[in-house]
4 protein chains.
Amino acid sequence: MHKELRAGLIGVTGYTGMELVRLLASHPRMRLRFAASRSEAGKRLGEHYPFLEKLPGADLVIQQPDAKQAAAQCDIVFLAVPHGAAMNFAADLRAEGLAVVDLSADFRIRDVAVFEQWYATAHSQRALLQEAVYGLPELYGEAIAKAKLVANPGCYPTAGILGLYPALKHGFISSEDLVIDAKSGTSGAGRKAAVPTLFCEVHDSFRAYNLGKHRHTPEIEQELSIVAGAPVRLSFNPHLLPIDRGIHATMYAKLKDVPGLDEIHTAYMECWKDSPWVRVLPKGSLPETRNVRGSMFCDIGLVLDPRTKRLIVCSVIDNLCRGASGQALANANLMCGLPVDCGLALAPLMP
Amino acid sequence: MHKELRAGLIGVTGYTGMELVRLLASHPRMRLRFAASRSEAGKRLGEHYPFLEKLPGADLVIQQPDAKQAAAQCDIVFLAVPHGAAMNFAADLRAEGLAVVDLSADFRIRDVAVFEQWYATAHSQRALLQEAVYGLPELYGEAIAKAKLVANPGCYPTAGILGLYPALKHGFISSEDLVIDAKSGTSGAGRKAAVPTLFCEVHDSFRAYNLGKHRHTPEIEQELSIVAGAPVRLSFNPHLLPIDRGIHATMYAKLKDVPGLDEIHTAYMECWKDSPWVRVLPKGSLPETRNVRGSMFCDIGLVLDPRTKRLIVCSVIDNLCRGASGQALANANLMCGLPVDCGLALAPLMP
Amino acid sequence: MHKELRAGLIGVTGYTGMELVRLLASHPRMRLRFAASRSEAGKRLGEHYPFLEKLPGADLVIQQPDAKQAAAQCDIVFLAVPHGAAMNFAADLRAEGLAVVDLSADFRIRDVAVFEQWYATAHSQRALLQEAVYGLPELYGEAIAKAKLVANPGCYPTAGILGLYPALKHGFISSEDLVIDAKSGTSGAGRKAAVPTLFCEVHDSFRAYNLGKHRHTPEIEQELSIVAGAPVRLSFNPHLLPIDRGIHATMYAKLKDVPGLDEIHTAYMECWKDSPWVRVLPKGSLPETRNVRGSMFCDIGLVLDPRTKRLIVCSVIDNLCRGASGQALANANLMCGLPVDCGLALAPLMP
Amino acid sequence: MHKELRAGLIGVTGYTGMELVRLLASHPRMRLRFAASRSEAGKRLGEHYPFLEKLPGADLVIQQPDAKQAAAQCDIVFLAVPHGAAMNFAADLRAEGLAVVDLSADFRIRDVAVFEQWYATAHSQRALLQEAVYGLPELYGEAIAKAKLVANPGCYPTAGILGLYPALKHGFISSEDLVIDAKSGTSGAGRKAAVPTLFCEVHDSFRAYNLGKHRHTPEIEQELSIVAGAPVRLSFNPHLLPIDRGIHATMYAKLKDVPGLDEIHTAYMECWKDSPWVRVLPKGSLPETRNVRGSMFCDIGLVLDPRTKRLIVCSVIDNLCRGASGQALANANLMCGLPVDCGLALAPLMP
């Protein structure tokens, strides 16, 4: 009989906290043993989240955030608090010796100057930043398994990097002139009371936002520059979808030598063959966000447009599961010595 | 050439204010000449509402609410502010001699004690309450035409009263044992930043709220008691729909002498034959909220259930247009001597 | 090590077939070993359902429906075909000695005359009808465990019966004068190409259908008559919701002796305390369909309206999971000697 | 008193026919006098479209399509039938001397070879093709006013051309390397019964389709080549939005000499200053589909990305109104000597 791993969660009121609670409720080896929130402390978790009643975790009483308490009750802690706040929580938790998965952006950008420019926030934990591992399991699985602090990737970067990595690695496409036209479900905008995300402002409508200046841009560029072996500067452009969950990134790249689609498709299949979750669709098929709803899958469709000599990559994930809390749990699995997909072989909810 | 009528609007930031601005933009005889809001004063209306640009009203600069300013610039003023605040605005405007259509609940309930009990608010304008006319044009058209203060009906009461009035008037149904199961689009919940009306909390879900204790209950009972000639006490139960606009009231009544559906249908047709907007559907047809979207129509479907000796009435309106701002404009039309449907022969937006 | 149970599915193209495939993909003891469809035979199941790729079942090749084939490859078979067709499939499968869970209506109604009247179909398997057990695990768990043919309940009846059963059993409410106002997500309408269920016909709209004459009426009456100990004749009235999944039944009952809400609430808690899935909400709370999305839960909210002496029961399920395929799997669990909730302790997908 | 213009419509069952019926119901100078449909002949139009009851057109009886009948009853005819069928109807109607606005693609592509290649259909009316005028009022208003056959533009081309025209005309951007990432509401997919456009297949999901090979590609290239003065070959990539109406085209162009955004914005304002409907948003603002819902507006947002030296143009229309039937009516206005916006100064429906 395996020992149960004890997880903590700081920040339970947002959608990523909610999703982690959902996923931990059916994890076979890890249980939520500590949940903290300034605003909700004192409530049972099941009272705060009626969907959780009769499931593991429902009877946990929400605590005030406290590193020593967390250390006493947990093996690993998930941070689901805003960037800026997360870096200090992480330092406190690491000082207690706890393993930490940070879902914020605070440890994703290796270059402090780039972080401070894009996030307009001074980084107070530079030493810790050196220690952090970027938590994309397909790329950094071994390092994650040894890490004590994992920076969980952003939702858009997860979709973008998984979609472009093989084409850049094989040099099929130019590392210049990349355009990512990305669309995200509204849960990506968080759970804060605000007029622009009210039902009647989002439903039956569609709009772009932060064109050319979204903070996920340097994160995507950082990882793609590594694989391309050259600085990548790309145009990243997000839009808001009237759906709950799902990211669809349509990515436009200039082909270098115009390889055939067969060759590209084979390379993608080969590149991701060991991932439990990346599904390269058959040629001629395109992904849909519903096919990954509630799951860890990343579905990739490939189109070669000979008229304009472009490769078009469609990469689709669930922004809350694969793009946040599910990936955080995959990282925690690795950090705790479990198989990466333990508790994460989730079937998408259709329809 | 007719003189243009000048309208004022106090409260532009909510959905009812927004809808009134939309409707006035295409009114042939009335123009918005004064728009006021504490929080948005100083902005052009088109800046606040980009949908309005290039349409009449876009260039109006939002003012601070002020009765004297309103009097200098308007013939009639619409109040789209919360109940409790409206009664005092109304008094100030009436003191300046202005005609007023109040979209709040402050003047809907004739019995002050009932108002104060359900709204938990003292009524500061009891004299004015005597003067107010309940603004349901099909019932009180003549009185509205002579009124200086009209209490615009609530959205649910509009659907409920129009749907049950003929059956009660003809004595087809018992005035006891009425159940109204009503469903409203989310715009009915207003435009305040709040977690329960965020897109991800409403979309792809459905729930009841305020069962048996919604504030529209006494308003419906007041008007149905008059037509029934006896006190009506009914069970009114609202639900929240993941749609922008639309109310669907399904109403269950006990038949008295079990008349045939033909007789009831004929009586409904006759009762509403002079209304430009009530559409009694053919026997066997049921209404859909989309069929009235953006319009003044009230679509009524009638079902007789011989197994349970009930009449089921489905009454459908657009909660923002017929259930609020469009009806307010119809009342203003009457108060200004225009045909009730001037500028309001609107075709529903389909799909 | 337990022996794996082998499941078959006849009818894979509809939403209930799709849902069963999803649920079996994560069942720890039962695997889909035979899938049949006339129109899709020859395809891999993962090709037909891209959401399933990389999950158990994806590599199964869809067969022609055939009882002998099924018998050779399965321990138990789920029938997800239209009523009328199911009864004959069931006979063939039973002749081969197979255990059968029928998701159609063919074996739900014990009185053949009632079935033939409401479904306008002659029943060709009257002997088999005697053998069938009504598959509501909370009511008939022991009989289901011994059955070879289970009639899986309809979606509306599941919500309705679970919601009214305790009140009728305790005699809190009159068995006359019951009104069920039910709202269902569009997946309940099936996956047939048809104009009325196109996106643009359903989205941002709401309507009633089949008022007073829906075929689930006699099924609900049958089960409630048993618990009430007297014939129940009720008014059942469905509506179509612009959501994928979820049923919300709002049920209006006349209180007999006006017990307090405390007494009723306690009785409900006691009645369903052994169910892994019925959650009686705290007094003052109302259910939401999203809180049960993708799960087996039935959330029940209770409201006592002293003004009209009514008990209002809100009962909420996921129509595809609890209301169809998940409940079918729970029945199969019992028939195969597994715990009823084996593979069915599913956390709802939020948001 | 002006003479009423008499309009005919062939094809009433699709969404474009439905929209034309809606718009004609409130047109001050033109009335629908002839409506034809093979499948619905004999019904009252109000019976077929309950939303239309009590509005002009409701009492029209649907006829069989017949050019002579149309000629007897109309001044101008709208063709809302599939491409391939439209060309022959147009020939018959023109032979009777009728003015025709064709909403299909049959007369949009000037080069027959290009048409026949992309549409895989032989063109049977080549002479008529010479006569046809491309019905984008902002570009061809004078020619439209003299035309007897107008090819109403496609929905995507309307958004694309209006958005890129000024930048190409002024030479701000390269005519090579254009990428259009377009998203359309589901009404653009038509009203045919089909599984992929069922509510449960579209709702809460998002997907691309026809990447690089949509038939609107040559239409956009044709018109942009004219303004660029050089052959334009672009990458056009459509996606399906879970909304009823609305197109959002996000267009990526390489800047030539990196002019400032001020200069580009000023040129756009100047270019479209005479259009009643193109609204160039203030710098820093981005369009939303709901801001144009039900209207003729085309909202354009401009972003200059100095990091990647690109101009990003967001162009937003209502695909059914501006992108089809409203534009058809604008063309009819011009052909009949009316102001282009007669009956088309429509306020968007918000929310």
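The values are calculated or read from the model by the stated rules, or taken from the named source; none is laboratory data. Since the structure is predicted, the reported quantities are computational estimates derived from the model, not experimental observations. So basically every Cβ, Gly included, is an ideal-geometry build from the backbone, and we count neighbours across all protein chains shown. Side chains are part of the model used for accessible areas, which takes the heavy atoms of the whole protein and leaves out ligands, DNA and RNA. Shrake-Rupley method; radii C 1.70, N 1.55, O 1.52, S 1.80 Å.
Quick test of your reading of the structure: C:G326 fulfils all but one of (1) on the phi > 0 side of the Ramachandran plot; (2) away from chain B (no Cβ under 14 Å). Name the failing condition by number. Unmet condition: (1). For the range C:246-267, state whether one or more residues are more than 9 Å from chain B (Cβ to nearest Cβ), more than 19 Å from C:E176 (Cα to Cα) and at pLDDT below 95. Yes: the range C:246-267 contains one or more residues that are more than 9 Å from chain B (Cβ to nearest Cβ), more than 19 Å from C:E176 (Cα to Cα) and at pLDDT below 95. The residues listed here are B:A147, B:A159, B:A167; of these, the one that is open to solvent by less than 50 Å² (accessible area, probe 1.4 Å), within 14 Å of another protein chain (Cβ to nearest Cβ) and in contact (Cβ under 8 Å) with a residue 40 or more places away in the chain is B:A159. Highlighted here are the helices (runs of 4 or more DSSP H) found entirely within the range B:186-279 that include at least 3 residues which are farther than 30 Å from C:S184 by Cβ and out of contact with any helix residue (DSSP H, G or I) (no Cβ under 7 Å at 6 or more places or on another chain): B:217-228, B:261-271. On inspection, C:R110 fails the criterion of being out of contact with any helix residue (DSSP H, G or I) (no Cβ under 6 Å at 6 or more places or on another chain), among the charged types (D, E, K, R) and under 24 Å from C:M18 (Cα atoms).
Yes/no matrix, rows are residues, columns are (1) more than 9 Å from chain D (Cβ to nearest Cβ); (2) open to solvent by 40 Å² or more (accessible area, probe 1.4 Å):
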residue	(1), (2)
A:A182	yes, no
A:D204	no, no
A:A208	no, no
A:K213	no, yes
A:P218	yes, no
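Based on this model, can you work out whether C:R6 counts as among the basic types (K, R), at negative phi and assigned to a strand (DSSP E or B)? Criteria met by C:R6. Checked against the criterion of being at pLDDT 95 or above, closer than 16 Å to C:A35 by Cβ, aromatic (F, W, Y) and open to solvent by 10 Å² or more (accessible area, probe 1.4 Å), the range C:75-93 contains one or more residues that satisfy it.
When the range C:284-318 is limited to residues that are part of a loop (DSSP other than H, G, I, E, B) and under 15 Å from C:A347 (Cα atoms), the one that is nearest to the other protein chains (Cβ to nearest Cβ) turns out to be C:G294.
The criterion of being away from chain C (no Cβ under 14 Å), assigned to a strand (DSSP E or B) and either aromatic (F, W, Y) or touching a His at 6+ places or on another chain (Cβ under 8 Å) (or both) does not hold for A:F89.
Note on the range D:38-60: residues that are more than 29 Å from D:G337 (Cβ to Cβ) and away from every other protein chain (no Cβ under 11 Å) amount to 7.
Per the conditions (1) buried (at least 24 other Cβ atoms within 10 Å of the Cβ); (2) under 19 Å from A:D318 (Cα atoms); (3) among the small types (G, A, S), the sole criterion not satisfied by A:A189 is (1).
Residue-level analysis places B:A122 among those that are in contact with a helix residue (DSSP H, G or I) (Cβ under 7 Å, 6 or more places away or on another chain), aliphatic (A, V, I, L, M), in a loop (DSSP other than H, G, I, E, B) and farther than 27 Å from B:L334 by Cα. Within 23 Å of D:A228 (Cα to Cα), surrounded by 22 or more Cβ atoms within 10 Å (Cβ to Cβ) and more than 11 Å from chain A (Cβ to nearest Cβ): does that describe D:C271? No. Residues considered: B:G17, B:G97. Of these, the only one that is under 30 Å from B:H216 (Cα atoms), of a type in the set (G, A, S) and within 14 Å of another protein chain (Cβ to nearest Cβ) is B:G17.
If the condition is being charged (D, E, K, R) and surrounded by fewer than 24 Cβ atoms within 10 Å (Cβ to Cβ), then the range C:285-309 contributes C:D305, C:R307, C:K309. Residues in the range C:334-351 that are away from every other protein chain (no Cβ under 14 Å) and either in contact (Cβ under 8 Å) with a residue 60 or more places away in the chain or closer than 20 Å to C:S184 by Cβ (or both): C:L334, C:M335, C:C336, C:G337, C:L338. Of all residues in the range A:1-16, those that are within 15 Å of A:A36 (Cα to Cα) and among the hydroxyl-bearing types (S, T, Y) have Cβ atoms under 9 Å from Cβ atoms of residues that are at pLDDT 95 or above and in a strand (DSSP E or B), 6 or more apart or on another chain, in A:T16/A:F78.
The set of residues in the range C:240-287 that are aliphatic (A, V, I, L, M) and either touching a Pro at 6+ places or on another chain (Cβ under 7 Å) or within 20 Å of A:P50 (Cα to Cα) (or both) comprises C:I243, C:I247, C:A249, C:A267, C:M269, C:V278, C:V280, C:L281, C:L286. Each residue in the range A:170-180 was checked for being within 14 Å of another protein chain (Cβ to nearest Cβ), open to solvent by 20 Å² or more (accessible area, probe 1.4 Å) and touching a residue at least 60 places away in the same chain (Cβ under 8 Å), and 3 pass. Scanning the range A:280-292 for residues that are free of Cβ contacts under 8 Å to residues at least 60 places away in the same chain and either out of contact with any helix residue (DSSP H, G or I) (no Cβ under 9 Å at 6 or more places or on another chain) or more than 29 Å from D:A253 (Cα to Cα) (or both) returns A:V280, A:L281, A:P282, A:G284, A:L286, A:N291, A:V292.
Yes or no, residue by residue, for (1) surrounded by fewer than 18 Cβ atoms within 10 Å (Cβ to Cβ); (2) modelled with pLDDT of 95 or more; (3) among the basic types (K, R); (4) part of a helix (DSSP H, G or I):
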{"residue": "C:M1", "(1), (2), (3), (4)": "yes, no, no, no"}
{"residue": "C:L20", "(1), (2), (3), (4)": "no, yes, no, yes"}
{"residue": "C:A35", "(1), (2), (3), (4)": "no, yes, no, no"}
{"residue": "C:G42", "(1), (2), (3), (4)": "yes, yes, no, no"}
{"residue": "C:P56", "(1), (2), (3), (4)": "yes, yes, no, no"}
{"residue": "C:A71", "(1), (2), (3), (4)": "no, yes, no, yes"}
